[in-house]
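Notes to accompany the following structure.
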Amino acid sequence: MKYLAEFRNGEIAQRLAAEIRRLTTRPWAIMEVCGGQTHSIIRNGIDQLLPPEIELIHGPGCPVCVTPLEVIDKALAIASRPDVIFCSFGDMLRVPGSHKDLFRVKGEGGDVRVVYSPLDAVAIARDNPHKQVVFFGIGFETTAPANAMAVVVAKRQGLKNFSMLVSHVLVPPALEAILNSPANRVQAFLAAGHVCTVMGYWQYPPLAEKYHTPIVVTGFEPLDLLEGIRRAVRQLEAGEACVENAYPRAVTFEGNRPAQRMLAEVFELTDRAWRGIGVIPNSGWRLRDAYREFDAEARFDVAGIHTQESPICRSGDVLQGKIKPYECPAFGKQCTPRTPLGATMVSSEGACAAYYNYGRFA
Ligand code: SF4
């Protein structure tokens, strides 16, 4: 298949791995930001192709994983109401809240529906004028434009029974928080190609310069990742710290300007809590005043719900690259994909799920 098979060529992968081995003279720690990249790395054994000096640290770029427990609890409270149709992408249904998940709410009679687009939720609102329809709007810059568009469409259609539970987070502030952490070990980043498809990479040069840290925009196929690592290692060995685009078939410097305009129209910056990490200033979006009427948190009065994270789950440490999933004492014991204690074991982009599903127990 075009753009897939050609980026999974084993011979080229071996050549790139050999070039990385040739370039590497000392230990380097490189973070792949996105959970989709983490899964590709583990599934394809890319980390095992690298010289032992190169450590890949798995980053916080999994939207399901970083959505705070208290946002899940707010979703559960709203979804449990008899007057609500609660719409979400399927990957949120098994994410555990304090006491249950959305599947349980559905099993108890709640009207919880899986949709494939936020516009589906707008259509459900149009078709069910006597119900309140809520869409669970989480994720990074990748999913936010479609969510913004859904709110604009709902406003244009004059829908009074549609709202969105918004918990959007942004990549650049998370990278800066990681770099500012006293425990930081990351020396270079593989930036997430799909985020940059929307946002471009014009936000990254100031970060690379300020923290003297190479950033390589990278895709998701094995050759994309190996090329990203090769470029990062080349920069590190040369003492350079610039931004490179190793995913030019999808990413431009400017990104998708119409999508960025849509985001700016609907959302404004806000402080956001990241699950297991804590509040990062200006790291998320919320609805602007002009669209605040679509804010489910205000409509259903759940802003007062506050929840403590589980003391057992160390997903915050996993998401910051402080530990590997198998170093969590609960990994593969109390916590498995069937009995998840944290979102990183549930999500298809979660590092704990990747290590469990591909048998990485040490
Ligand atoms: S293995 Fe489970 S309990 Fe441990 S960090 Fe991962 S999700 Fe949390």
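Loop-resident trypsin sites (Lys or Arg not before Pro) (DSSP state other than H, G, I, E or B) in region 1-51 with no more than 16 further Cβ atoms inside 10 Å of their Cβ: 2, 8. Mean residue ellipticity at 222 nm, helices only, the chain: -10500 deg cm²/dmol; runs of at least 4 DSSP H residues each add -39,500 (n - 2.57), and the sum is divided by the number of residues.
Helix 144-156 and the longest principal axis of the Cα set of the chain meet at an angle near 20°.
Dividing the Cα radius of gyration of the chain by its Kirkwood radius returns 0.98 for Rg/Rh. For the options 137, 109, 193, a Gaussian network treatment of the chain with springs between C-alpha atoms closer than 10 Å singles out 109 as fluctuating the most. Loop-located GluC sites (Glu not before Pro) across region 103-182 with a Cβ neighbour count of 16 or fewer within 10 Å are 108, with loop assigned by DSSP. Which angle from 0 to 90°, rounded to the nearest 10, does the C-alpha axis of helix 222-238 make with the longest principal axis of the chain? Once rounded, the angle reads 60 degrees. Between region 26-54 and region 211-264, the C-alpha centres lie 16 angstrom from each other.
Computed from Cα atoms, the angle from the helix 257-266 axis to the main principal axis of the chain rounds to 40 degrees.
From largest to smallest, the equivalent ellipsoid semi-axes obtained for region 186-251 from the alpha-carbon gyration tensor read 18, 15, 8 Å.
No value in this document is a laboratory result; all are computed from the given coordinates. None of these values were measured; they are calculated from a predicted model. Neighbour counts are summed over all protein chains in view; Cβ atoms, including those assigned to glycine, are modelled from backbone coordinates with ideal geometry.
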